[in-house]
Protein chains: 2
Amino acid sequence: MKISEFDLIQSIKGQLATAHPALLQGIGDDCAVVKKDSKNVFLISTDCLIENVHFDLKHFSFIDLGKKAIAVNLSDIAAMGGKPLYAFICLGIPPKINQTAISDFYAGVDHVSAEFGLSIAGGDMSRSPNYLFIGITVVGETPRANVKLRSAAKDGDGIYVTGTIGTAAVGLNYLKRKRPAENQYIKAIKNPRPRIAVASALAGFAGVHAMIDVSDGLLQDLHHVMKASNTQALVEVDKIPRESDFETACKTLRLDPLETLLTGGEDYQLLFTMDDKTMDALSDVLKLNRGFKITRIGEVREAAKQQLSLKLDPYPLIRVNDATGREIFVKKGGYDHFGT
Amino acid sequence: MKISEFDLIQSIKGQLATAHPALLQGIGDDCAVVKKDSKNVFLISTDCLIENVHFDLKHFSFIDLGKKAIAVNLSDIAAMGGKPLYAFICLGIPPKINQTAISDFYAGVDHVSAEFGLSIAGGDMSRSPNYLFIGITVVGETPRANVKLRSAAKDGDGIYVTGTIGTAAVGLNYLKRKRPAENQYIKAIKNPRPRIAVASALAGFAGVHAMIDVSDGLLQDLHHVMKASNTQALVEVDKIPRESDFETACKTLRLDPLETLLTGGEDYQLLFTMDDKTMDALSDVLKLNRGFKITRIGEVREAAKQQLSLKLDPYPLIRVNDATGREIFVKKGGYDHFGT
């Protein structure tokens, strides 16, 4: 099958019947938004992790896999500004995997769930012919006023990210080496941290407009926000935060640093657009969440005003400049789970 | 992997941290029950359907598969007395399946969703190495007072089922023949009908106690209810409703009729226990839901009073009698998705 996941989702969305009135946001954001009561909404998201597509059992212990499966799902709740509540786990278990491995997987699940106050509320287990399949649905909650949609970016907003970008992509390449030494890159790919606390704080600010988690790669996720908001983005590549030895690590691993930075997936950092004036108030929040770094990497422009770029295929809504103001091109598209 | 799904779920349940206070029912029933507001609850259930485990693409068109995937999930909502609201669909798509097939699948999904007022609110699509994987999570709603749990069966209750039993199991065997002619058995396996309307009506009666859907086989699902309720069941095999030519069909297909009736899965009928006095009030409901048949097949006994049977391995909480009052044994266990 050779088609972009995004295009296929768009086509299916058009095919489906009208939505229920209490469904405030359906297909097309990190989570669906469902009316709970007069003030609050439930956020619901579903993700699948498939052996040899999303993970390789050579690189992950079952405990790490359980941790990661929950963490990446919680990241979708974070991206909408929510607090996690419940998770439902579908497992398709091939004959090669024994009961101890499944118990280890759940130990990892329980570890991260306990940390974030998530309850495993149900699931389904079944045999699978040959590969492990994990499907997880998470339910979170937030005041309706705090929901951060992809479609809310505004002309003039600053574009911000938490943490560092490209770290997990480097980690994935370290993992593929023989007996890799543990480092911050491997930690980023094996044990991603959902940004629940910072996201929940950000969600309280009306000046924070659109939000998404960086799961598919910076350009791809930024593109989703720009497309949903009918805006364009101007990004300064030098501003994108990376680990201090990022370029050295890329050189060691023979990776193109720019491509890795712009299109490497699985960082699970937050990307948001914000009225820059909100930054003062935000600094108090950052003090409370020590170790969380927020970096301004660019700004939002109204699409109608001026066409920023037509050249950055497949991201015509994004222009990436180098330090001299010259436009940068990347070799290939972001992380797409249909790619091979 | 050789372990019963039920035992594994029990073991994992013990392993997990304490549940959230708004989680009224967690792992162990057809759906989780989550507090929505002061009067109502959300019912949430997740199920996976895996190629060559739950279905064979030789026997199902993609439209039929989409219909069935939604129907079996709605059956879990029916089993708790709920009304369907939202569904989330995870697909793992192998390279052999093209976009038209996926579009057909969603046409089937949409067909059944529209019929039952269900909105497809989200999902995830990904590549799968070689087999199709479908994970569906459904959310339903019901007044808290109407929730029917497996654990609510009472000493003296009648045991009832809707429709006919064993029909889908016969259908599955018809499907495996070369160019099978369409009949009611094949219809039952291909296009199961979730009993939403009748379930919702039954849920309004306080005299209806425990409820479950017959997905894994009559004995296995009845066993779940008896175990959760700490009760025993006495079933009269002659009372179990079946198609008029059920014995003939079994003979044609060389199936053991008793085994097929007692352990054949996928009927998606409702099994419930009820104070027999409720039957009068119920008859009005049955008139409104024409074509829905309800049959009393046995009764519930308090486990402490008297051991009904020790012999029906692996169902020591169930005694099945023939017309003369003699106990019946079945050759093998119910439908278990870990079985081979």
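The values are calculated or read from the model by the stated rules, or taken from the named source; none is laboratory data. All figures in this text were calculated on a predicted structure; none of them were measured in a lab. A quick note on method: Cβ atoms are made from the backbone with ideal geometry, for glycine too, and the neighbour counts reach across all protein chains shown. SASA here: full protein model, heavy atoms, side chains in, ligands and nucleic acids out. Shrake-Rupley method; radii C 1.70, N 1.55, O 1.52, S 1.80 Å.
Details
- Set A:Ala121, A:Ala114: member being over 19 Å from the mean Cα position of the chain (by Cα), open to solvent by less than 10 Å² (accessible area, probe 1.4 Å) and at pLDDT below 95: A:Ala121
- Residue match in segment A:255-268 (condition: modelled with pLDDT under 95, surrounded by fewer than 18 Cβ atoms within 10 Å (Cβ to Cβ), more than 21 Å from the chain's Cα centre (by Cα) and under 19 Å from A:Asn173 (Cβ atoms)): yes
- Annotation: B:Ala181 fulfils all but one of (1) of a type in the set (A, V, I, L, M); (2) more than 7 Å from every other protein chain (Cβ to nearest Cβ); (3) open to solvent by less than 50 Å² (accessible area, probe 1.4 Å); (4) out of contact with any Pro (no Cβ under 7 Å at 6 or more places or on another chain); the unmet one is (3).
- Members of segment B:318-340 found to be within 22 Å of the chain's Cα centre (by Cα), at pLDDT 80 or above and open to solvent by 40 Å² or more (accessible area, probe 1.4 Å), listed by number: B:Arg319
- All told, B:Ser244 meets the bar of being hydroxyl-bearing (Ser, Thr, Tyr), under 17 Å from B:Ala168 (Cβ atoms) and open to solvent by 30 Å² or more (accessible area, probe 1.4 Å).
- So B:Leu202, is it open to solvent by less than 10 Å² (accessible area, probe 1.4 Å), within 30 Å of B:Asn40 (Cα to Cα) and in contact with a strand residue (DSSP E or B) (Cβ under 8 Å, 6 or more places away or on another chain): yes
- The condition (being open to solvent by less than 10 Å² (accessible area, probe 1.4 Å) and of a type in the set (S, T, N, Q)) is satisfied by just one residue among A:Asn73, A:Asn52: A:Asn73.
- Residues that are part of a helix (DSSP H, G or I) and either without any contact (Cβ under 8 Å) to a residue 24 or more places away in the chain or more than 15 Å from the chain's Cα centre (by Cα) (or both) within segment A:175-196 comprise A:Leu175, A:Gln184, A:Tyr185, A:Ile186, A:Lys187, listed in sequence order.
- Residue check for A:Asn191: closer than 29 Å to A:Phe88 by Cβ and either in contact with a His (Cβ under 8 Å, 6 or more places away or on another chain) or open to solvent by 40 Å² or more (accessible area, probe 1.4 Å) (or both): yes
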